[in-house]
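J.: My questions all concern the structure below.
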There are 2 protein chains.
Amino acid sequence: MSKQKILLVDDEPDILEIIGFNLEREGYEVFTAPNGRKALEIARKQKPDLVLLDVMMPEMDGMDTCRELREDPNLKDTLIAFLTARNEDYSQIAGFDAGADDYISKPIKPRVLVSRVKALLRRQVAIEPVATKTNLSGIVINKERYVVYKDGVELSLPKKEFELLALLASQPGRVFTRESILSNVWGNDVIVGDRTIDVHIRKLREKLGDDFFKTIKGVGYKFEP
Amino acid sequence: MSKQKILLVDDEPDILEIIGFNLEREGYEVFTAPNGRKALEIARKQKPDLVLLDVMMPEMDGMDTCRELREDPNLKDTLIAFLTARNEDYSQIAGFDAGADDYISKPIKPRVLVSRVKALLRRQVAIEPVATKTNLSGIVINKERYVVYKDGVELSLPKKEFELLALLASQPGRVFTRESILSNVWGNDVIVGDRTIDVHIRKLREKLGDDFFKTIKGVGYKFEP
DNA sequence: CTTGGTCGTTAATAATGCTTTAACCCTGAG
DNA sequence: CTCAGGGTTAAAGCATTATTAACGACCAAG
């Protein structure tokens, strides 16, 4: 499971830095943009989960940016929150349905912001897909229960092992490169040594049987029922 | 599958129009009423899936209307959500007693409202259908009476503990992530620390036995009979 | 208006056990 | 034979969870 992405847009570099730092510390992947135009560009490329948008900006302001974001069908589900100065006429903004999901008023306290962001993203994730069962020659993977059955016997694998198995089994027979394993299971910006994957593969082999996991030298691994 | 019905009750015509418009755009069938009396009338005829109820209204206020709705056996399963001014703390408590399912605080942001409504109606199909009584290897959960029996002995759990138990037991064996626990038991915009869940789990383990609650590190908890 | 109790939350600290590393071994291609 | 890529192992490192105590909010009884 990879990090959730947040795009932070404000024309003050200080704000970008402080808030960005706080969000990164919470484990989010943060992108920043100094203006609306740049924001749109990044948004289209990165498809962030949440955009934090300053209302007052030179050139293209928050409202306009918001509207443009909403018009892009690929960004339909992106959450947008406005950062507003405290005593801007709140009702006027709120009444204007530019499509914001939340308002956060300045001056911004990092802790508060982080909580609000968490709450917003939590709501989004709550809509998680549920059913997921895979059955492959005696091996049943039940993502819902976080449990694997081998010939009817229940095994509960630790998180990383489970996710690695789930990935490989998602397309049996297909070879996953080490690189793609890393980015899917560990996330794009986690740095771990190559041996880490081996070790996890080993544990899976130990628990499920050697034969299921085939090594393709110089490339990666595949799962074979 | 036919449209889900929503009854919107508020004495301000503007609100009815704006919110009504947004909900209709999302594919719901919307009825509106300017006061409690009218609301009851429509509710009895239409049996809406959800009633959005302004707390402050002339004549019969939201609380009273809510209570009357709850008394009608035909409307037993109807969801009720209150629309409240932001810091009316008191109404919060009184309202849950009156049988509310959610609170949405004013000023109302259309998009926020729509996602809350979606979440509520989804929860309805996803979690409610589990009977109000559940019996799992010596543990009986009676949602109606807010009471739990362990091997015939009655335990009365505090609200949060009960709700947590009810959630986990609603789908035994399924892992609930911390996030989904938070959004189902605490609600989407309550900010509490992660440790809070642990503490409640601990209390449940204390009262019902360790074995029922399994920790999946890095993921969440599940209930196992 | 007090008092005593329960509940919900947090903070601090301890315990747990998953992850990763590092060092060394094995194997097959060339 | 050589060596690059992979396998194995144990132990260190780390993140997550468990536990406890303490606090504040609330409520009911006096």
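The values are calculated or read from the model by the stated rules, or taken from the named source; none is laboratory data. Predicted, not measured: the structure shown is a model, and the values here were computed from it. When we count neighbours, we look across all protein chains shown, and the Cβ atoms used for this are built from the backbone with ideal geometry, even at glycine. Each accessible area value is taken on the protein alone, full model and side chains, heavy atoms only, with ligands, DNA and RNA left out. Shrake-Rupley method; radii C 1.70, N 1.55, O 1.52, S 1.80 Å.
J.: Over region A:6-64, give the accessible area per residue in Å² for a 1.4 Å probe, as an integer. It would help to have the intermediate numbers written out before the result.
T.: Values: 2870 Å² over 59 residues.
Solvent-accessible surface per residue comes out at 49 Å².
J.: A further question follows. Using a 1.4 Å probe, what is the accessible area per residue for region A:133-223, in Å²?
T.: Spelled out: the 1.4 Å probe surface of region A:133-223, per residue, equals 53 Å².
J.: Averaged over its residues, how many other protein chain Cβ atoms are within 10 Å of peptide A:205-216's Cβ atoms?
T.: Values: counts 0, 0, 0, 0, 0, 0, 0, 0, 0, 0, 0, 0.
Counting Cβ atoms of other protein chains within 10 Å of each residue's Cβ and averaging gives 0.
J.: Hey, another quick one. Largest first, how would B:D72, A:D211 line up by accessible area (1.4 Å probe)?
T.: Descending accessible area places them as A:D211, B:D72.
J.: Could I have the simple spin-label model distance between A:Q171 and B:R25, label points 7 Å from Cα toward Cβ, reported in nm to one decimal?
T.: Placing both labels 7 Å beyond Cα along the Cβ direction yields 3.8 nm.
J.: For peptide B:170-180, compute the average count of partner chain beta-carbon atoms within 10 Å of each residue's beta-carbon.
T.: Taking all residues of B:170-180 together, the mean is 4.
J.: Still on this structure, I have one more. What gaps in nm, shortest first, separate A:K3 from its twins in the other copies when you place the label 7 Å past Cα toward the beta carbon?
T.: 4.4
J.: Let me ask something else. Which distances, in nm and shortest first, link the A:R205 label point to the same label point in every other copy, taking 7 Å along Cα→Cβ?
T.: Relative to the other copies, A:R205 has label-point distances of 3.5 nm.
J.: Using only C-alpha atoms and all pairs of different ones, pull out the Kirkwood radius for region B:140-225 in Å with one decimal.
T.: Here the Kirkwood hydrodynamic radius works out to 13.1 Å.
J.: Inside 10 Å of the C-beta atoms of A:142-153, what's the mean count of C-beta atoms belonging to other chains?
T.: The mean count of partner-chain Cβ atoms within 10 Å per residue comes to 3.
J.: Give the peptides A:20-27, A:179-186 in descending order of average Cβ contacts within 10 Å, highest first.
T.: Per-residue mean Cβ counts within 10 Å order the peptides as A:179-186, A:20-27.
J.: At a probe radius of 1.4 Å, what is the per-residue accessible area of A:K160, in Å² to the nearest 10?
T.: It works out to around 70 Å².
J.: Roughly how large is the B-A contact in terms of buried accessible area, totalled over both chains, probe 1.4 Å, nearest 100 Å²?
T.: Adding both sides of the contact gives about 2400 Å².
J.: Also: Please give the peptides A:36-47, B:195-206, B:146-157 ranked by average Cβ packing (other Cβ atoms within 10 Å per residue), highest first, as a rough proxy for protection. Show your work: numbers first, answer last.
T.: Values: A:36-47: 17.2, B:195-206: 15.2, B:146-157: 13.2.
Output ranking for A:36-47, B:195-206, B:146-157: A:36-47, B:195-206, B:146-157.
J.: Say a label goes 7 Å from Cα toward Cβ at A:R174 in every copy; what distances in nm does this one have to the rest, shortest first?
T.: Those label-point separations list as 2.7 nm.
J.: Okay, moving on. Mind giving me the nanometre distance, one decimal, between the label points for A:D14 and A:D72, set 7 Å out from Cα along Cα→Cβ?
T.: 3.0 nm
J.: Also, I was wondering about something else. A:K222: which aspartates and glutamates have alpha carbons under 18 Å from its alpha carbon, excluding same-chain residues fewer than 8 sequence positions away?
T.: A:E161, A:E163, A:E179, A:D194, A:D198, A:E206, A:D210, A:D211
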